[in-house]
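Visitor: What follows is a structure written as structure tokens; I'll ask about it next.
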Amino acid sequence: MKKFAIIVAAAMLVSGAAVAGDKIRMGTEGAYPPFNQIDPSGKLTGFDVEIGDALCEQMKADCTWVTQDWDGIIPGLLAKKYDTIIASMSITDERKQAVDFTERYYSNSLRYVAKKGSGLDVTKLKGKAVGAQRATIAGQYLEDNMADKVDIKLYDTQENAYIDLAAGRTDAILADMLVNYEWLQSDAGKGFEFVGDSFNRSDIIGIAIRKGSDDLRKKLNGAIKAIIADGTYAKINAKYFPFSIY
Amino acid sequence: MQAETKDLLIRIAWRSFYVLTALVVAAIIYGLSILNYGVIFKYFGKVLGGAVITLELVTIAVILGFFVALPTALMRLSPNPLLRYPAHTFIYFFRGTPLLIQMFFVYYGFAQTDIVRETFLWPIFKQAYWCALFTFVLNTGAYSAEILRGAIQAVPAGEIEAARAFGMSKWTAYRRVILPRAFRIAMPAYGNEIIFMLKGTALASTITLLDLTGVARTVIARTFTSIDVFLVAGLIYVAITYCFLWGWSRIEKRVNAYLSQQP
């Protein structure tokens, strides 16, 4: 009996040791479509999830996903409920004080939308009314760079800015490209389109890990580079967006 | 024994009062010391510019609102149901819904109807300023109508009777006796309504207007100094209210001078 217990214990030790380096629990929110969400069948899907899976395959790691509400997502990482956060988390100085980040795996920039066929030239916005949400990077960009040229309208919510664009009170809306893209895909955004190119990379999104997990960070950074180099990233990107979001 | 207990209680009360006062003073000094004066000085002019819009909105809204309120109040008192019920419904609607919803209804709602968008109304309702003003005029009109209605009903029956006894027609009596008397009765409540309107104009900031609150919020979005800038904005509202109250109470004293003669 005792012998059996020792064998079991030894077996557990060996198996534990064999995968210890490669076992990664990946945390995400599961409520931020199309980046991470739970589909009707209960499966976790989305851009973040597919990138995470691709990274795992690249690292030949054994990965499991853990979902956690957004408010508790950093505390959960620190409490070792999981080892990474792949949940469209912007890299900010405040967060950097609590966690480490990998290199970016995607980014967001600003881009205008306007009525289809409006022929709006984003280099000649003088005298136009341009809307943005207050307290966003887009709103601040307008105030810093366009205050003397355009009539800036600041809204409490992004939704209200779009309603006013549809009503014709504004000629264009400036917002994060991905936010605008999502609206363009919706029914309300049907008669509208992007104008001009994206600019001002405003938001850098990386994978958060506990401070001091340098090994894991190096591995993830290497894997991000690798999936970009071998085209896996572009393939996943194309499933979600018709433009590169790297 | 009982007197001693009373003394002790009084002493405890005074001591607590001193301690509380000291705490409040300490809190104010601490508060003033952590304010970001750089931001306050830099943006003070901008915030004052917002205060001008706020004053403009409240002044026009209250003046036009009065001209909505008076006929509404008279209709509300009319024995004719065709006059009474529309006035009643109008007042009921504006008193029964939040000002914010009324403003969103006008600003976002009107913009989605063809009747507004494809007629002469659009150049007016396209602008947030007129949408806000339109809502404020109707809102304060409805509230003031109720104040005036109450005041008219509070005019002593004897005075109306006296007017009639002089042979005044109904309208002459209204013009010479009832309304002047009703306005005097309405003064305190009307002043209150104007102050409510002053603070109500802060909601205009939600439909892109850069009034006092709108400017404050825009500055905060950039500098993240919410306490500092809101404090300044709040003090400006207090200053406006103080000036208004000072003027209003002088008018009130003057027109109601005959009341203060009583001992």
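The values are calculated or read from the model by the stated rules, or taken from the named source; none is laboratory data. Model, not experiment: these values are computed from the prediction. Backbone-built Cβ (ideal geometry, glycine too); neighbour counts: all protein chains shown.
Visitor: If we keep just the residues of the stretch A:101-141 that are among the basic types (K, R) and assigned to a loop (DSSP other than H, G, I, E, B), which is nearest to A:Y181 (Cα to Cα)?
Guide: Quick first cut of the stretch A:101-141, residues among the basic types (K, R) only: A:104, A:111, A:115-116, A:124, A:126, A:128, A:134.
Those still in the list that are assigned to a loop (DSSP other than H, G, I, E, B) too: A:116, A:124, A:126, A:128, A:134.
Details: A:K116: 14, A:K124: 23, A:K126: 25, A:K128: 22, A:R134: 19 Å.
Ranking the candidates gives A:K116 first.
Visitor: Which one of these does A:E193 not meet: (1) touching a Phe, Trp or Tyr at 6+ places or on another chain (Cβ under 6 Å); (2) not assigned by TED's automatic domain parsing to the domain that holds A:S90?
Guide: A:E193 satisfies every listed condition except (1).
Visitor: Further question on the same structure: Checking the condition touching a residue at least 24 places away in the same chain (Cβ under 8 Å) and closer than 30 Å to B:K126 by Cα, which residue from A:L77, A:L120, A:L55 passes?
Guide: Working: A:L77 fails: closer than 30 Å to B:K126 by Cα; A:L55 fails: closer than 30 Å to B:K126 by Cα.
On inspection, the qualifying residue turns out to be A:L120.
Visitor: Go through (1) within 14 Å of chain A (Cβ to nearest Cβ); (2) in contact (Cβ under 8 Å) with a residue 12 or more places away in the chain; (3) in a helix (DSSP H, G or I); (4) not basic (K, R) one by one and return the number of the condition B:V232 breaks.
Guide: It fails just one condition, (1).
Visitor: Right, another one. Counting only residues that are assigned to a helix (DSSP H, G or I) and of a type in the set (S, T, Y), how many does the stretch A:200-246 have? Before the answer, list the steps.
Guide: Within the stretch A:200-246, the first condition is being assigned to a helix (DSSP H, G or I), and the residues that meet it are A:214-229, A:232-240.
This time we only want the ones that are of a type in the set (S, T, Y), so: A:232-233, A:240.
Qualifying residue count for the region: 3.
Visitor: Return yes when A:D144 is among the acidic types (D, E) and either within 14 Å of another protein chain (Cβ to nearest Cβ) or assigned to a strand (DSSP E or B) (or both) and no when it is not.
Guide: Details: among the acidic types (D, E): yes; either within 14 Å of another protein chain (Cβ to nearest Cβ) or assigned to a strand (DSSP E or B) (or both): yes.
Yes, satisfied.
Visitor: Kindly provide the set of residues from the stretch B:210-229 that are over 12 Å from B:N36 (Cβ atoms) and either away from chain A (no Cβ under 13 Å) or in contact with a Cys (Cβ under 9 Å, 6 or more places away or on another chain) (or both), ordered by number. Walk me through how you get there before you give the answer.
Guide: So the first thing to find is which residues in the stretch B:210-229 are over 12 Å from B:N36 (Cβ atoms), and the list is B:210-218, B:221-222.
Selection gives B:L212 alone.
Visitor: Which condition does B:G158 not pass, out of (1) part of a helix (DSSP H, G or I); (2) on the phi > 0 side of the Ramachandran plot, if it passes all the others?
Guide: Failing condition for B:G158: (2).
Visitor: Which of the residues that make up the stretch B:82-100 are more than 14 Å from every other protein chain (Cβ to nearest Cβ) and over 16 Å from B:R149 (Cα atoms)? Steps first, please.
Guide: Filtering the stretch B:82-100 for residues more than 14 Å from every other protein chain (Cβ to nearest Cβ) gives B:82-99.
Residues satisfying the conditions are B:L82, B:F93, B:G96, B:T97, B:P98, B:L99.
Visitor: Quick check on this structure: which one of B:E146, B:E118 is within 14 Å of another protein chain (Cβ to nearest Cβ) and of a type outside the set (S, T, N, Q)?
Guide: Details: B:E146 fails: within 14 Å of another protein chain (Cβ to nearest Cβ).
Answer to the check: B:E118.
Visitor: Restricting to the stretch B:195-206, give me the number of residues that are away from chain A (no Cβ under 14 Å) and either in contact with a strand residue (DSSP E or B) (Cβ under 7 Å, 6 or more places away or on another chain) or surrounded by 20 or more Cβ atoms within 10 Å (Cβ to Cβ) (or both).
Guide: 4
Visitor: B:F110: within 14 Å of another protein chain (Cβ to nearest Cβ) and surrounded by 18 or more Cβ atoms within 10 Å (Cβ to Cβ), yes or no?
Guide: Numbers: within 14 Å of another protein chain (Cβ to nearest Cβ): yes; surrounded by 18 or more Cβ atoms within 10 Å (Cβ to Cβ): yes.
Judged against the criteria, B:F110 is a match.
Visitor: Follow-up. Can you tell which of A:K115, A:K124 is among the basic types (K, R), out of contact with any helix residue (DSSP H, G or I) (no Cβ under 7 Å at 6 or more places or on another chain) and within 29 Å of A:N237 (Cα to Cα)?
Guide: It is A:K115.
Visitor: Scan the stretch A:123-141 residue by residue and report those that are within 11 Å of chain B (Cβ to nearest Cβ) and either more than 26 Å from B:T225 (Cα to Cα) or without any contact (Cβ under 8 Å) to a residue 40 or more places away in the chain (or both).
Guide: A:A129, A:R134, A:A135, A:G139, A:Q140 - these are the residues of the stretch A:123-141 that are within 11 Å of chain B (Cβ to nearest Cβ) and either more than 26 Å from B:T225 (Cα to Cα) or without any contact (Cβ under 8 Å) to a residue 40 or more places away in the chain (or both).
Visitor: Determine whether A:A166 is part of a helix (DSSP H, G or I) and either farther than 27 Å from B:R117 by Cα or within 14 Å of chain B (Cβ to nearest Cβ) (or both).
Guide: yes
Visitor: Another question about this same structure. Has the stretch B:207-221 got any residue that is out of contact with any strand residue (DSSP E or B) (no Cβ under 7 Å at 6 or more places or on another chain), part of a helix (DSSP H, G or I), touching a residue at least 12 places away in the same chain (Cβ under 8 Å) and surrounded by fewer than 20 Cβ atoms within 10 Å (Cβ to Cβ)? Before you say what the answer is, go through the steps one by one.
Guide: Keep residues of the stretch B:207-221 that are out of contact with any strand residue (DSSP E or B) (no Cβ under 7 Å at 6 or more places or on another chain), which gives B:207, B:209-217, B:219-221.
Then drop every residue that is not part of a helix (DSSP H, G or I), which leaves B:207, B:212-217, B:219-221.
Within this subset, residues satisfying the condition of being touching a residue at least 12 places away in the same chain (Cβ under 8 Å) are B:207, B:212-217, B:219.
Remaining after also requiring surrounded by fewer than 20 Cβ atoms within 10 Å (Cβ to Cβ): none.
No: the stretch B:207-221 contains no residue that is out of contact with any strand residue (DSSP E or B) (no Cβ under 7 Å at 6 or more places or on another chain), part of a helix (DSSP H, G or I), touching a residue at least 12 places away in the same chain (Cβ under 8 Å) and surrounded by fewer than 20 Cβ atoms within 10 Å (Cβ to Cβ).
Visitor: Additional query: Could you check how many residues of the stretch A:169-218 are within 14 Å of another protein chain (Cβ to nearest Cβ) and among the polar types (S, T, N, Q)?
Guide: So the answer is 1.
Each row is one residue, and each column tells you yes or no for (1) modelled with pLDDT of 95 or more; (2) loosely packed, with under 11 Cβ neighbours inside 10 Å.
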residue: B:A26; (1), (2): no, yes
residue: B:I29; (1), (2): no, yes
residue: B:F44; (1), (2): no, no
residue: B:I53; (1), (2): yes, no
residue: B:F67; (1), (2): yes, no
residue: B:M75; (1), (2): yes, no
residue: B:L83; (1), (2): yes, no
residue: B:A87; (1), (2): yes, no
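Visitor: Okay, next question. Might you let me know whether the stretch A:69-78 holds any residue that is assigned to a loop (DSSP other than H, G, I, E, B) and surrounded by 14 or more Cβ atoms within 10 Å (Cβ to Cβ)? Before you say what the answer is, go through the steps one by one.
Guide: As a first pass, look at the stretch A:69-78 and keep what is assigned to a loop (DSSP other than H, G, I, E, B): A:69.
Now drop any that are not surrounded by 14 or more Cβ atoms within 10 Å (Cβ to Cβ), which leaves none.
No, the conditions are met nowhere in the stretch A:69-78.
Visitor: Next up: Provide a single number: the residues in the stretch B:25-55 that are over 14 Å from B:D228 (Cβ atoms) and touching a Leu at 6+ places or on another chain (Cβ under 9 Å).
Guide: 8
Visitor: Hey, another quick one. Assess whether B:A186 counts as being touching a Leu at 6+ places or on another chain (Cβ under 8 Å), assigned to a helix (DSSP H, G or I) and within 14 Å of chain A (Cβ to nearest Cβ). Show your work before the answer.
Guide: On the way: touching a Leu at 6+ places or on another chain (Cβ under 8 Å): yes; assigned to a helix (DSSP H, G or I): yes; within 14 Å of chain A (Cβ to nearest Cβ): no.
Considered against the rule, which asks whether it is touching a Leu at 6+ places or on another chain (Cβ under 8 Å), assigned to a helix (DSSP H, G or I) and within 14 Å of chain A (Cβ to nearest Cβ), B:A186 comes out as no.
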